[in-house]
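Here the structure is laid out as structure tokens; the discussion comes afterwards.
Each reported figure results from applying straightforward, stated rules to the coordinates on display, with no laboratory input. In this text the structure is predicted, and so the values were computed from the model without any measurement. All Cβ positions, glycine included, derive from the backbone under ideal geometry; neighbour counts span all protein chains shown.
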Amino acid sequence: MALQFWKPDKGRQRAISMRVPLFFLFLLMGILPMALQGAVMGRSFRRIQIDGRVIEVQNQSLITSDRLTRAEYMSAPGRDALLDKELDTIADIFNGRIVVVDQNFRIVKDTFKLSVGRINVSEPVLRCFKGENSILREDEKQYFAVTAPIYDNSEERNIIGVLLTIASTENILSNVDSVEETSRFYMVVAVMVLTLAGILLTVLLVKPFDNLQVSLDRMADGSLEEDISEHTYRETHRISEAIKKTMTKLQTMDRSREEFVANVSHELKTPITSIRVLADSLMSMEDVPAELYREFMTDISDEIDRESKIVDDLLSLVKMDKSVAELNVEQVDINILVQQILKRLQPIAEKRSVELIYESIREVTADVDETKLSLAISNLVENAIKYNVEGGWVRVTLDADHKYFYVKVADSGIGIPQELQENVFERFYRVDKARSRETGGTGLGLAITKNVVLMHYGAIRLMSKEGEGSTFTMRIPLTYIY
Ligand code: ADP
């Protein structure tokens, strides 16, 4: 088999660092509003600039058309050279072209001097003759045209000409472009600053988790006393507290496992030591009478029985520790089960002159593991007989409500002192070691019973008074919860 020194950690390969989404989130939150604002502002800035220029040109063209009206320009176009010059200058200022159209749609003045004498029946001109001032905007072609009417000097003020001003938006747009370019530059600078701030922030945000990781790594390397408190965030505080709790639990479990192993070794050694002592003394004696031989051999056989009982009990316990899935749950008539147990234990009770009383308040059928529950109840009844007094009694009561059934084992025995009642469910714990040994106890019976009860999601309670007797009550759900 090939030795594998390093196993690739699949989880680690697939997982991304928490810093990555945090960083992008931060960047997105910083850049998105800025980019949106830039786009919206750029567009509206462009529109505002063009609109401003249109209004400016419109006003200027109304002023000019008024001047043309007053100078009776239409009666003899081109006569007033000064006015013509002025039209040229205005056209230059707006980087555009001024065209004057007479009543016959003939162009009488063109600052570009290209179309004088030609006919212009364009829509804005026609509309202006009808009295509507229109604006033609060609944003794509970077120009717009405005019209202004030229009147005669009569009372009716008839429109006798149209002043058409065509202005270019090119220079405005180039201004807007340069503003946008500047803002783009600042945007790049802002993105760089945001990126740096993002990196810094994510590193700082994740730092407490890193600290926790370092502490855990140290702990994994063996320094179990490592302080893993991390109180920067409520989350890290909760995680570190949960880890501490788990560690304490694990340490307690570890200690109790060690204790258990020590107890097991001790308990297993006791009968072996007795056997050795008995065997040694037999061997050291010469001409041992057959009777003494038999007596010693009986003792040795008793010790072997004891050893085998300890091993049996230990095996039952280990089996129960394994997993709840090992339960063989089925519908069991608890009345019959209890009666069978009592029938089996009747001879032992009789031997000790203890009266066994069974009281069934209700018929009970429940989902339980019959073998394990039988073992648990037997342990309680056996104890009630073992730790009883001559002529005493043991009363077993079976009752139920809509959710649970209750098995109560009460006795008139020696009882258990109040301060020791918690301990009796521990493995190998015995109140009176001598008496327990005498009666063949292993100290594992109640531990087994408690395990069985817990496996069925039930509970066990003890009430006892020294010298008066004890009552063990177990409560088990009627239906097993998978
Ligand atoms: P054991 O094999 O010694 O009986 P258990 O785990 O069944 O072990 O019981 C633990 C100890 O609790 C016993 O040694 C005994 O001292 C005490 N005990 C258990 N049941 C009773 C009882 N009904 N009356 C008095 N003491 C009891």
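Going by the alpha-carbon gyration tensor, a ≥ b ≥ c the square roots of its eigenvalues, is segment 229-322 rounded (a/c under 1.5) or, if a/c is not under 1.5, prolate (a/b greater than b/c) versus oblate?
It comes out prolate by the Cα gyration axes.
Treating only the Cβ atoms of Lys and Arg (+1) and Asp and Glu (-1) as charged, compute the dipole magnitude of the chain about its Cα centre; round to the nearest 20 debye.
Approximately 1600 debye in magnitude.
Between VAL261 and ASP432, what length in nm is gained on full extension when 0.36 nm per residue of separation is reduced by their alpha carbon distance?
59.4 nm is the gain from fully extending VAL261 to ASP432.
Students often get this wrong: which residues of segment 228-242 have the backbone nitrogen under 12 Å from the point 7 angstrom along Cα-to-C-beta of LEU216?
So the set is 236, 239-242.
Counting only residues 5 or more places away or on other chains, whose amide H sits under 5 Å from the amide H of GLY392 once H atoms are built in the peptide plane?
Counting only residues 5 or more places away or on other chains, the set is GLU355.
Show that you can apply the helix-only estimate: for the chain, add -39,500 (n - 2.57) for every DSSP H stretch of four or more residues, divide by all residues, and state [θ] at 222 nm to the nearest 500.
Helix-only estimate at 222 nm: -19500 deg cm²/dmol.
Please give every one of the lysines within straight-line cross-link reach of LYS85, meaning a C-alpha to C-alpha distance under 22 Å, and leave out same-chain neighbours fewer than 8 residues apart.
LYS109, LYS113
Compute the label zone of ILE357 within segment 388-407: residues whose backbone N is under 12 Å from the point 7 Å along Cα-to-Cβ.
Correct set: 392-397.
State which entries of LYS351/LYS408; LYS319/LYS386; LYS269/LYS319; LYS269/LYS309; LYS249/LYS319 exceed 19 angstrom in Cα-Cα distance in the structure shown.
LYS351/LYS408; LYS319/LYS386; LYS269/LYS319; LYS249/LYS319
In what order do GLU350, GLU181, GLU303 fall by count of nearby beta-carbon atoms within 10 Å, going from fewest to most?
The order, fewest Cβ neighbours first, is GLU181, GLU350, GLU303.
Quick one, what does Rg over Rh come out to for segment 20-133 if you take C-alpha atoms and the Kirkwood Rh?
We get a ratio of 1.32 for segment 20-133.
How far apart, in nm, are two points set 7 Å out from the Cα along the Cα-to-Cβ line at GLU56 and at GLU123?
2.7
Starting from the Cα of THR195, step 7 Å along the direction of its Cβ; do the same at LEU32; then give the gap between the two resulting points in nm.
Between THR195 and LEU32, the simple spin-label model gives 2.0 nm.
Starting from the Cα of ASN175, step 7 Å toward the Cβ, then list every residue of segment 39-81 with an amide N under 18 Å from that point.
Only 41-61 pass the distance filter.
Among PHE296, PHE112, which comes first, second and so on when ranked by fewest other beta-carbon atoms within 10 Å?
Going from sparsest to densest Cβ surroundings: PHE112, PHE296.
Please sort 39-52, 89-102 by packing, taking for each peptide the average over its residues of neighbouring beta carbons within 10 angstrom, highest first.
89-102, 39-52
FRET efficiency for LYS309 and HIS237, Cβ-Cβ distance as r, R0 = 45 Å, nearest 0.05?
0.35
Where a ≥ b ≥ c are the square roots of the eigenvalues of the C-alpha gyration tensor, would you call the chain rounded, which needs a/c under 1.5, or, failing that, prolate if a/b is larger than b/c, or oblate?
Prolate, because a/c is 1.5 or more and a/b exceeds b/c.
What does the extension gain come out to for VAL20 and ALA459, with contour length at 0.36 nm per residue minus their alpha carbon separation?
Contour length minus Cα-Cα distance gives 153.1 nm.
Using the Kyte-Doolittle scale, which helices in the chain average at least 0.5 and also have C-alpha atoms spread 24 Å or more along the helix axis, with helices defined as whole DSSP H runs?
Passing helices, by number: 170-220.
Under the rule of at least 5 residues apart or a separate chain, name every residue whose amide H is placed under 5 Å from the amide H of LEU444.
Counting only residues 5 or more places away or on other chains, the set is PHE428.
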